[in-house]
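All remarks here apply to the structure that follows.
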Amino acid sequence: MATTVHLSSFSLFIQSRGRRDNSISSVKSLKKRTGLSPSSALTSQGGRDMIPPEGKCNDHNSAFDFKLYMIRKAESVNAALDVSVPLREPLTVQEAVRYSLLAGGKRVRPLLCIAVCELVGGDEATAMSAACAVEMIHTSSLIHDDLPCMDNADLRRGKPTNHKVYGEDMAVLAGDALLALAFEHMTFVSSGLVAPERMIRAVVELARAIGTTGLVAGQMIDLASERLNPDKVGLEHLEFIHLHKTAALLEAAAVLGVIMGGGTEEEIEKLRKYARCIGLLFQVVDDILDVTKSTEELGKTAGKDVMAGKLTYPRLIGLERSKEVAEKLRREAEEQLLGFDPSKAAPLVALASYIACRHN
């Protein structure tokens, strides 16, 4: 029997009432800040998610302290996000937006955007608005994914999901608001920092990544694939889901980093391939963790994919082969960084290892 899929609407509900308030100039003044003290990230909501696991992940590039790098970048991103969504009327939806956006997390996507920008000669300040935009869209997708009509999740980042706190109606609106804010924030804050033609390209790249040829397509096929017999579905089917649902936004984050940093077409293609590899890697590891870790360890409901009958790598090819696929993807990601300055590429090499070895 065919599965009927009802996708959550990504309609934009925020209507402009004139120029944005002082929050935008506050964000601009934030660009040169170095952030908070490294220790503060460890005690913030979701801070434990930002600490790479011990072991081979840290040993892969012993000369580079990825743990400290990740903490500092997350602090900068968190501070910029906080300023970007001030509490204002209507308070309820704004509180719902802040609840999910500022709930902590690994901040892998904005970190990727910034690291790539720095790799091609840009800096954190130039990349920050795009990094925040990607995280806003990521959070929007999580809010919508967690809804009862989608994945029906109770926990996200160790906290009740948005609709459990604010109701389904506010969760839908909060997700829509973040989607609209992402493009407004990136284009307005980057004015004067990035050439207009590059900004147009960044907008097109980001829009394509989340539309019906990107994230939405992946989510739709993922929903339609529930309860399918894994013996009748090939690996290509599963990879289509994750290349669109997970890798597309990581790919956009990397490409935006190149665009903001003034990189070349060749650099765009190399970093696009890198991001595609770590995007698939992220999902393979996510599937492995779903069947090997507890709810407490994950900060979200463990075994949820199995209970929902979703297609996963362990379900399709087994746990051991899934681990082999993860290692292959990590190596392929690192190969895309050959030819770049090794010191500037170090964060991206470490990021691939971190994703491969993460525990939540």
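The values are calculated or read from the model by the stated rules, or taken from the named source; none is laboratory data. Since the model is a prediction, treat every value here as computed from it, not as a measurement. Quick reminder, even Gly has a Cβ in these numbers, built from the backbone with ideal geometry, and neighbours come from all protein chains shown. The area values use the complete protein model at the heavy-atom level, side chains included, leaving out ligands, DNA and RNA. Shrake-Rupley method; radii C 1.70, N 1.55, O 1.52, S 1.80 Å.
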Are any of the residues in the stretch 264-272 surrounded by 24 or more Cβ atoms within 10 Å (Cβ to Cβ) and modelled with pLDDT of 95 or more? yes
Quick check on the stretch 100-110. Is at least one of its residues among the basic types (Lys, Arg), part of a helix (DSSP H, G or I) and free of Cβ contacts under 8 Å to residues at least 40 places away in the same chain? no
Could you list, in sequence order, the residues of the stretch 238-263 that are surrounded by fewer than 24 Cβ atoms within 10 Å (Cβ to Cβ) and acidic (Asp, Glu)? Glu239
Looking at His163, His138, which one is touching a Leu at 6+ places or on another chain (Cβ under 8 Å) and over 17 Å from Asn78 (Cα atoms)? His163
Report yes if some residue within the stretch 129-138 is open to solvent by 10 Å² or more (accessible area, probe 1.4 Å) and in a helix (DSSP H, G or I); otherwise report no. yes
Of all residues being modelled with pLDDT of 95 or more and polar (S, T, N, Q) in the stretch 142-168, which is nearest to Gln94 (Cα to Cα)? Just the residue, please. Asn162
So which residues in the stretch 161-203 are among the acidic types (Asp, Glu) and open to solvent by 60 Å² or more (accessible area, probe 1.4 Å), if there are any at all? Glu168, Asp169, Glu184, Glu197
